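The values are calculated or read from the model by the stated rules, or taken from the named source; none is laboratory data. No experiment lies behind these values; they were computed from the predicted model shown. Neighbour counts run over all protein chains shown; Cβ positions are idealised from the backbone, glycine included. Calculation scope for accessible area: heavy atoms of the full protein, side chains included, ligands and nucleic acids excluded. Shrake-Rupley method; radii C 1.70, N 1.55, O 1.52, S 1.80 Å.
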Amino acid sequence: MSDKLINKEDLPAALKNLKKENEVLVPVKENGFYGFKPLADEKTLDLHFSNTRLSPKSLLLPQSEKIFEFTINEKEEDANILKEVSKEYPPTVIVGIRPCDAKAWRLVNVNFDTPEFKDPWWIKRLKSMVFIGLGCNEPCHTCFCTSVNCGPFNQDGLDVLIYDLGEKFLLRTFTDNGEQILKRAGINGDADNDILKEADRLKIKAEKKITSNVPTENLAKKKINELFNAPFWDDLAFACINCGTCTFLCPTCWCFDIQDEVFKKQGDRIRNWDSCMFPLFTHHASGHNPRTDKVQRIRQRFMHKLKYYIDKYNNGVACVGCGRCINYCPVNIDIREAFKLMNDQAE
Amino acid sequence: MIEYLDRIREQANKILKDKKVDVIIGFKKGTIPMTTEPALIRDLEKTDQLYWDSFCNINLASYLPKRNEKIGIIAKGCDSRNIVNHIVENQIKREQLYIIGVPCQGMVDQRKITSFLDGKELEEVSESDENIILKGKGFEHTVKKSDYWQDNCKSCTHRNPAIYDVLAGDLIEEDGDIDSFSDVKDIEGKSFDEKWSFFTDLVNNCIRCYACRNACPLCYCPTCFVDESDPQWVGKSTDRTDTMIFHVLRAYHCAGRCTDCGACEQACPMEIKVRLFTRKLNKDALDLYGWEAGLNTEKRPPLDTYSPDDDDKFIL
């Protein structure tokens, strides 16, 4: 793969070149925080952000998505038959995604693209996307990516990674898609060895800036029941108000619910984000709810991320250390604390 | 604010030691600047974990319903009013509580500070009587607390606890009748269409995480109407009608009960000004019934009682 160099001020124009054939999504500040929005012609690229408020998971797994439609009008020939909603999957380039969020789709992918089950919408969207990441020169004090198999310049899940070298951007490609897209954008300045060395130094410097870390080494070998019945859950859960902020902002929370909504005779089958923090998440049709208390729900959230995921996929923890849940939890429930309690729980 | 800390710990220690209460509900210092975490303290030796500063923005009354033990609780003005609500609404018994009242000097809005810092990362925050001191890499700013108060604290007329057993500091002078509801009046002045588009825009970013609902001490229903599933009352998608129904019904459920503590707004991860819904109802309760919630354990709230003097202009 290759390494390309471009003057900072030339990047927006290069990205505009891509707009002929692609949707180009970039971080845009609106209402005080960033989210991925289409690159507007008249605007210059704003990459002065720490991260987007919501994780970009909605690009692959929209919060609400109509997947089937049907009619319940018995007079119609196709009454009560589900029909897939046709959708466009335009080629899309996502520019400025942080390495943690790119790694996140790789962790989530194990749920949507398995040897037995293929989620068609997830897979088609993923196929249509090229991820151009932006390395983090200045990680936040709540970032702990380096202790969860990620890092400020981690390339997992990315086609291209941008290194901000001050005057210039270095763009390193890792996939053919990445190569192609840079060609189409007309980004072809070659980077010499000095530049690559500078990039390596930048990466090491950024990694050193991450002061927050979590222990994970014992999680895999812990027994599920011991963690499940550990004495710390009540304390950890006390403050929790059971809102869905942590799960909805999290780049690796993938749970969804499927609902049918009917208006007059016309029905839609909709897939919506769901959250293990909500009582309805486990409410059975019988009326029984196996998770009636918040302590059970908060335990599920942390056990899923830090234990069940490891055991099931042998793929590390289901957390990329982005720190969103720490920063936006209304009552300061800190996942780093959960890591410590679970990892250090005495046997 | 921080000067209350010693007295809070001292009182908490005393009532636990004297077995007046089984547990204390208060705040712990947060793991990141400008945060606090509600905490349940059972052990005497842990009372020094109790903390108080200008970022104790969550309403601790939320943690009272369904508890059976004797509870010591730290309460600023608005928390105390929600404790009154809980007593009136039979969610907790007065005899169960030992209230350590905190005359509140206003809570600082961490979003406003974050926006002031404009991307610079805060590493340390401290405070004096009037000021907040913000430190990070290459900067130190001293800002006036009152310039960064939460919006609800700016219009607060009940800083002193409405109900308490002991105080963590001297009662302070109330700011009088300063809540002019100018924000509500602005909206009232709009046309029907303008109002609709105003509220539609207001909730446009809502992700239905229900943080506003769950941070609210009034929301203790065993099953919230949005969680009803048999039959289901409200759609679960991000359809704007369903989202609006959630917000409007939530607000109406708070009519005559809301103390404008601002927990809903502080909890919202999308920075939606959800108080603009409830404030209209607070204004109506005041205009129509001369009622402010949570001030008196003996009076029934206007919406669950009838008086021949009740306003009837909307019928007749």
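Just to be sure I understand the model, the point goes 7 Å from the Cα along the line to the Cβ. What's the resulting residue A:1 to residue A:261 distance in nm?
Distance between label points: 3.9 nm.
How big is the accessible area of residue B:300 in square angstrom, nearest 10, if you roll a 1.4 angstrom probe over the protein chains?
Residue B:300 exposes around 110 Å² with every protein chain in place.
Okay, helix-only estimate at 222 nm for chain A: each DSSP H run of n ≥ 4 adds -39500 (n - 2.57), divide by all residues, round to 500 deg cm²/dmol; what do you get?
It comes out at -8000 deg cm²/dmol, rounded to the nearest 500.
Only loop residues by DSSP count here, and only those with at most 10 other Cβ atoms within 10 Å; note down the trypsin sites (Lys or Arg not before Pro) in segment A:1-32 that meet that.
Here the trypsin sites (Lys or Arg not before Pro) that fit, given the DSSP loop and packing criteria, are A:20.
Provide the per-residue ³J(HN,Hα) series for segment A:327-343, in order, calculated from phi with Karplus coefficients 6.51, -1.76, 1.60 and θ = phi - 60°, each as a whole number of Hz, with x at glycine and proline positions.
Residue by residue, segment A:327-343 yields 6, 10, 4, x, 10, 6, 7, 10, 4, 5, 5, 4, 4, 5, 4, 6, 5 Hz.
In segment A:1-62, what GluC sites (Glu not before Pro) fall in a loop by DSSP, with at most 16 other Cβ atoms inside 10 Å?
Sites meeting the loop and neighbour criteria: A:21, A:42.
At R0 = 30 Å, how high is the FRET efficiency between residue A:72 and residue A:23 if r is their beta carbon distance? Nearest 0.05 is fine.
The value I calculate is 0.30.
Just tell me how shielded B:207-220 is by partners: mean number of partner chain Cβ atoms within 10 Å of each residue's Cβ, no decimals.
Details: counts 9, 8, 13, 9, 12, 2, 3, 11, 5, 1, 0, 0, 1, 0.
Across the residues of B:207-220, the mean count of other-chain Cβ atoms within 10 Å is 5.
What does the average come to when, for each residue of peptide B:229-242, you count the partner chain Cβ atoms lying within 10 Å of its Cβ?
Taking the mean over all residues of the peptide, I get 4.
Along each principal axis of its Cα atoms, how long is chain B end to end? Whole angstroms, biggest number first, please.
For chain B, the Cα spread along each principal axis is 58, 51, 43 Å.
Can you give the accessible area buried between chains A and B, summed over both chains, with a 1.4 Å probe, in Å² to the nearest 100?
Values: alone 17700 and 16240 Å², together 30870 Å².
By this definition, chains A and B bury close to 3100 Å².
Karplus couplings for segment A:45-52 from phi (6.51 cos²θ - 1.76 cosθ + 1.60, θ = phi - 60°), rounded to Hz, Gly and Pro as x?
Couplings: 5, 10, 9, 8, 10, 7, 6, 6 Hz.
Let me know the shape class of chain A, please: from the alpha-carbon gyration tensor, a ≥ b ≥ c as square roots of the eigenvalues, rounded when a/c is under 1.5, otherwise prolate if a/b is greater than b/c, or oblate.
Note, shape of chain A comes out oblate.
Let me check I've understood the local charge: for residue A:106, count other residues with C-beta under 14 angstrom from its C-beta, Lys and Arg +1, Asp and Glu -1. What total comes out?
Numbers: positive: A:57, A:98, A:103; negative: A:101, A:113, A:156, A:159.
Here the charged neighbours net out to -1.
Count the lysine pairs in segment A:219-343 whose Cα atoms lie under 28 Å apart, taking only pairs 8 or more positions apart in sequence or on different chains.
The result is 22.
Could you give the size of the charge dipole of chain A about its Cα centre, using +1 on the Cβ of each K and R and -1 on the Cβ of each D and E, expressed in debye and rounded to the nearest 20?
For chain A, the charge dipole is close to 400 debye.
If each DSSP helix of 4+ residues adds -39,500 (n - 2.57) and the sum is divided by the residues in chain B, what number results at 222 nm, nearest 500 deg cm²/dmol? Don't skip to the answer; put the middle values down first.
On the way: 10 runs with 94 residues, N = 316.
Here the helix-only value at 222 nm equals -8500 deg cm²/dmol.
Among A:109, A:206, A:11, flag the residue with its Cα farthest along the positive direction of the charge dipole of segment A:3-208, charges on Cβ as +1 for Lys/Arg and -1 for Asp/Glu.
Positive-most Cα among the choices belongs to A:206.
What are the semi-axes of the equivalent ellipsoid of the protein assembly as shown, taken as the square roots of 5 times the eigenvalues of the Cα gyration tensor, listed largest first and rounded to whole Å? Kindly include the intermediate steps, with their values, before the conclusion.
Numbers: eigenvalues 368, 192, 138 Å².
The equivalent ellipsoid of the protein assembly as shown has semi-axes of 43, 31, 26 Å.
Are there GluC sites (Glu not before Pro) in segment B:1-96 that DSSP puts in a loop and that have at most 10 other Cβ atoms within 10 Å, and which ones?
Here the sparse-neighbourhood loop sites are B:69.
So what are segment B:124-279's ellipsoid semi-axes, whole angstrom, largest first, if each one is the square root of 5 times an eigenvalue of the alpha-carbon gyration tensor?
Details: eigenvalues 205, 80, 69 Å².
Square roots of five times the eigenvalues give 32, 20, 19 Å.
Between residue B:68 and residue A:40, what is the spin-label point distance in nm, taking each point 7 Å from the Cα along the Cα→C-beta axis?
5.9 nm
Taking the Cβ of residue A:172 as the center, what net charge do the other residues with Cβ under 9 Å away carry, scoring Lys and Arg +1 and Asp and Glu -1?
0
So what is the orientation-averaged projected area of segment A:150-294, using the convex hull of its C-alpha atoms, in nm²?
Averaged projected area of segment A:150-294's Cα convex hull equals 16.6 nm².
Could you list which residues have their amide H under 5 Å from that of residue A:130, counting only those 5 or more apart in sequence or on another chain, with H placed in the peptide plane?
The list, which skips near neighbours in sequence, is A:92, A:93, A:94.
Run the reach check for residue A:208 against aspartates and glutamates, Cα to Cα strictly under 19 Å, same-chain hits fewer than 8 apart removed. What comes back?
In chain and number order, the partners are A:138, A:164, A:198, A:200, B:121, B:123.
State the answer as a single residue: which of A:240, A:329, A:224 lies farthest towards the positive end of the charge dipole of segment A:202-347, with beta carbon charges of +1 for Lys and Arg and -1 for Asp and Glu, about the Cα centre.
A:329
If you add up the charges near residue A:271, with Lys and Arg at +1 and Asp and Glu at -1, over every other residue whose beta carbon is less than 9 angstrom from its beta carbon, what do you get?
In short, 0.
Would you jot down the residues in segment B:61-90 that end up with at least 40 Å² less accessible area in the complete protein assembly than in the chain alone, with a 1.4 Å probe?
Relative to the lone chain, where solvent access is computed with a 1.4 Å probe, segment B:61-90 loses at least 40 Å² at B:63.
Percent of Cα-Cα pairs more than 25 Å apart in segment A:1-155, please.
Of all Cα-Cα pairs in segment A:1-155, 42 percent lie more than 25 Å apart.
Could you order the peptides B:288-296, B:220-228 from most to least packed, using the average number of other C-beta atoms within 10 Å per residue?
B:288-296, B:220-228
Could you look at the protein assembly as shown and say what percent of its accessible area is carbon and sulfur, using a 1.4 Å probe and all protein chains?
Exposed carbon and sulfur together represent 48 percent of the surface.
Would you kindly compute the Cα radius of gyration of segment B:204-289 and its largest Cα-Cα separation (Dmax), both in Å?
12.8, 38
Residue by residue through segment B:195-203, what is 3J(HN,Hα) from phi via Karplus (6.51 cos²θ - 1.76 cosθ + 1.60, θ = phi - 60°)? Round to whole Hz and write x for glycine and proline.
4, 4, 6, 4, 6, 5, 4, 4, 9
Counting only Cα, what are the radius of gyration and maximum Cα-Cα distance Dmax of segment A:219-343, in Å?
16.0, 54
So, for the protein assembly as shown, what is the accessible surface per residue at a probe of 1.4 Å, expressed in square angstrom?
47 Å²
At what distance in angstrom do the alpha carbon centres of segment A:203-253 and segment A:109-141 lie from each other?
Using only Cα atoms to place each centre, the spacing works out to 22 Å.
What average number of partner chain Cβ atoms lie no more than 10 Å from the Cβ of the residues making up A:45-54?
Mean shielding by partner chains, rounded to a whole number: 1.
Given the protein chains as shown and a 1.4 Å probe, how many square angstrom of residue A:92 are accessible, to the nearest 10?
Counting only protein heavy atoms, residue A:92 exposes about 20 Å² to solvent.
Quick one: if the Förster radius is 56 Å, what FRET efficiency do residue A:137 and residue B:311 give, using the C-beta to C-beta distance and rounding to 0.05?
Step by step, r from the Cβ atoms, then E = 0.35.
Connecting C-alpha atoms closer than 10 Å in a GNM of chain B, tell me which of B:252, B:51, B:98 has the biggest fluctuation.
B:252
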